[in-house]
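J.: Take this structure, written in structure tokens, and hold onto it; I'll ask about it next.
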Amino acid sequence: MRLPIFIAYRYLFSKKRINAINIITAIAMLGFGVGAFAMVVILSAFNGFEDIVENLINTYDPEIHITAEGKKTFTFDEATQSKIMAIEEVSNVSSCLEEKVVIKYNDHQEIARIKGVDSAFNQAKFDTLVVMGEFNLGDSSAQLGVFGGGLASKLGVFPGSQNVATIFVPKRNVKYNALNPEAALSTKFLRASAVFLVHEEIDNEVFITSLNFAQELLSYPNQVSALELELKANANPDVVKEKLEKALGNGFTVKTREQLNEMIYKIFKSEKWFTYVILSLVILISSFNIFGSLIMLVLDKRKDIGILKSMGAEENTIRNVFLWQGSFIAFLGGGIGVILGLLLVISQMKFGLLKIENSIVEAYPIAILTKDILLTCATVFVIGIIISIYPARKAAKTEIQQLN
């Protein structure tokens, strides 16, 4: 094995009689370098954006979400609370009530989703999402709400305004009366205390207020629509989910944070893999330069092949020489591309060279994953091997008498 590697290494850096071989080899290395560079940078950028979205989701969505199976609301009694808190990994339980409502502010009217939360709601954690104002749900004397950025923009709501937003929803078990339509509506008022940003779907329709306010508006006394659980550090959500399902029985549906946002995670993964496939195709197209370079190298080194065979070299040895030659070209070009890509990525992480205006982050987010670097190197190496197979076989099958 050492002989083919040594010969391939000498062929890579030795002077060829056909100067075009050197040019094509350089072009092949450049193609692999550009492809590997782009793969490292783009995959790292995907990781960065995924981390930002995941952090925002982690702040808004609970680690465990519990709803009543087949019911819109349920009573959160002490027995249910005791079963949940008996699981040692659970650190906090808060209840919430969500429902579609109509909200009107000045001349603007939108369909929104109210989310009433109780006193156990983790305000300190949610504060990281607030971009304007201060998180405050008010009290019995002044009802306040925290609005998603998209909804606040559509309504023209801003924190600190003395104007009130009107929220109304059809009363339960009350028939509509055309002569007095307002009698069929439950109406309440609140002011905006803050604006938060998570992602578009939530920002465009959700506003948060107190649980009592939501229960009175929706006519659901002592009822909640979901329980949100926080877990202790290093707790496994999937393991806790199984324990909760056993403890609560068949009347409840338990989901982890990843299951709540299954579509978002699938989109990120599919986009990343699609990008990887496209970049792999770019590298594959570039690899045809290696094919041309090796074919020409076989022609240039016919005399050497004849000498090696005359000295007893087997076809396998000749084939390995040109397989290693193609691998060296691919890996050298790809390796330089990976190193340059890592330098750019690390510079962006430390110095924030590329900025983003009007965003929740100042610079383009970047995150390096070892598996992405290994995947890039493996892709370059495998493509280099595959594209070298035919020229290597052609060299190995060359007969000595054809060389004289």
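J.: Which order do the peptides 31-42, 378-389 take when ranked by the mean count of other beta-carbon atoms within 10 Å per residue, highest first?
T.: My ranking of the peptides, most packed first, is 31-42, 378-389.
J.: Just check region 41-191 against the gyration tensor rule for me: Cα atoms, a ≥ b ≥ c as the square roots of the eigenvalues, rounded for a/c under 1.5, and otherwise prolate or oblate depending on whether a/b exceeds b/c.
T.: oblate
J.: Determine the order of Trp324, Trp273 by accessible area, beginning with the largest, at a probe radius of 1.4 Å.
T.: Trp273, Trp324
J.: Using a 1.4 Å probe on the protein heavy atoms only, what accessible surface does Phe291 show? Give it in Å² to the nearest 10.
T.: Result for Phe291: roughly 70 Å² accessible.
J.: So what's the projected area for region 295-404, the Cα convex hull averaged over all directions, in nm²?
T.: Mean shadow area of the hull around the Cα atoms is 9.3 nm².
J.: Give Lys100/Lys255; Lys115/Lys188; Lys104/Lys355 a once-over and call out the pairs whose C-alpha atoms are over 26 Å from each other.
T.: The pairs that break the limit, which is 26 Å between Cα atoms, are Lys104/Lys355.
J.: With +1 on each Lys and Arg Cβ and -1 on each Asp and Glu Cβ, and nothing else charged, work out how big the dipole of the chain is about its Cα centre, in Debye to the nearest 20.
T.: Charge dipole, the chain, about its Cα centre: 2360 debye, nearest 20.
J.: Hey, could you pull the Cα Rg and Dmax for region 220-378, both in Å?
T.: Radius of gyration, then largest Cα-Cα span, for region 220-378: 27.3, 95 Å.
J.: May I pose another question? Given the -39500 (n - 2.57) contribution per DSSP H run of 4+ residues, what per-residue ellipticity at 222 nm results for the chain, rounded to the nearest 500 deg cm²/dmol?
T.: -17500 deg cm²/dmol
J.: Roughly to the nearest percent, how much of the accessible area of region 221-339 is carbon and sulfur, given a 1.4 Å probe?
T.: 61 percent
J.: Along the charge dipole of the chain, which of Phe381, Val117, Gly148 sits closest to the positive end, that is, farthest toward it, with unit charges on the beta carbon of Lys, Arg, Asp and Glu (+1, +1, -1, -1)?
T.: My answer, from the dipole projection, is Phe381.
J.: Just reorder Asp107, Asp51 by solvent-accessible area, largest first, 1.4 Å probe, all chains present.
T.: Asp107, Asp51
J.: Continuing with the same structure: Quick one: work out Rg over Rh on the C-alpha atoms of the chain, Rh as Kirkwood radius.
T.: 1.22
J.: Based on the alpha carbons, how large is the Rg to Rh ratio for region 111-207 when Rh follows Kirkwood?
T.: So for region 111-207, dividing Rg by the Kirkwood Rh gives 1.02.
J.: Separate question: Leaving ligands and nucleic acids out of the surface, order Lys188, Lys171 by accessible area at 1.4 Å, largest first.
T.: Descending accessible area places them as Lys171, Lys188.
J.: Arg172 accessible area, nearest 10 Å², 1.4 Å probe?
T.: Number for this one is 110 Å².
J.: Quick one: divide the alpha-carbon radius of gyration of region 204-304 by 2.2 N^0.38 Å and tell me what you get.
T.: Normalised by 2.2 N^0.38 Å, the Cα Rg of region 204-304 equals 2.23.
J.: Let me cross-check Met296: its accessible surface, 1.4 Å probe, with only protein heavy atoms counted, in Å² to the nearest 10?
T.: Approximately 50 Å² for this residue.
J.: If you scale each eigenvalue of the Cα gyration tensor by 5 and take the root, what three semi-axes come out for region 1-105, rounded to whole angstrom and sorted largest first?
T.: That gives 65, 21, 10 Å for the three semi-axes.
J.: Turning to a different aspect of this structure: Taking a 32 Å limit on the Cα-Cα distance, which of the listed pairs Lys241/Lys371; Lys154/Lys246; Lys272/Lys301; Lys71/Lys232 fall beyond it?
T.: Listed pairs above 32 Å: Lys154/Lys246; Lys272/Lys301.
J.: Please give the length that would be gained between Thr253 and Thr128 if that part of the chain were fully extended, namely 0.36 nm times their separation in residues minus their C-alpha to C-alpha distance (nm, one decimal).
T.: Gain on stretching Thr253 to Thr128: 42.1 nm.
J.: Using the Karplus equation 6.51 cos²θ - 1.76 cosθ + 1.60 (θ = phi - 60°), what ³J(HN,Hα) coupling, rounded to whole Hz, does each residue of region 255-262 give in order, writing x for Gly and Pro?
T.: Once rounded to whole Hz, the list reads 10, 7, 4, 5, 5, 5, 10, 4.
J.: Might you report the magnitude of the Cβ-based charge dipole of region 1-81 about its Cα centre, with Lys and Arg at +1 and Asp and Glu at -1, to the nearest 20 debye?
T.: 1500 debye
J.: Take the alpha carbon atoms of region 275-316, find their center, do the same for region 362-379, and report the distance between the two centers in whole angstrom.
T.: One Cα centre to the other: 29 Å.
J.: On the accessible surface of region 97-171, probed at 1.4 Å, how many percent belong to carbon and sulfur atoms?
T.: Using a 1.4 Å probe with all protein chains present, region 97-171 comes out at 49 percent carbon and sulfur.
J.: Computed over the Cα atoms of region 47-104, what is the convex hull's projected area averaged over all directions, in nm²?
T.: Taking a quarter of the hull surface, the average projection is 7.0 nm².
J.: Among Leu244, Phe288, Asn212, pick out the residue whose Cα is farthest towards the positive end of the charge dipole of the chain, where Lys and Arg carry +1 and Asp and Glu carry -1 on C-beta, about the Cα centre.
T.: The Cα lying farthest towards the positive end belongs to Phe288.
J.: Whole number in Å², please: accessible area per residue of region 184-323, 1.4 Å probe, ligands, DNA and RNA not counted.
T.: Per residue, region 184-323 has 50 Å² of solvent-accessible surface.
The values are calculated or read from the model by the stated rules, or taken from the named source; none is laboratory data. Keep in mind the model is a prediction, meaning the values are calculated, not measured. A quick note on method: Cβ atoms are made from the backbone with ideal geometry, for glycine too, and the neighbour counts reach across all protein chains shown. Surface accessibility is based on the protein's heavy atoms, side chains included, excluding ligands, DNA and RNA. Shrake-Rupley method; radii C 1.70, N 1.55, O 1.52, S 1.80 Å.
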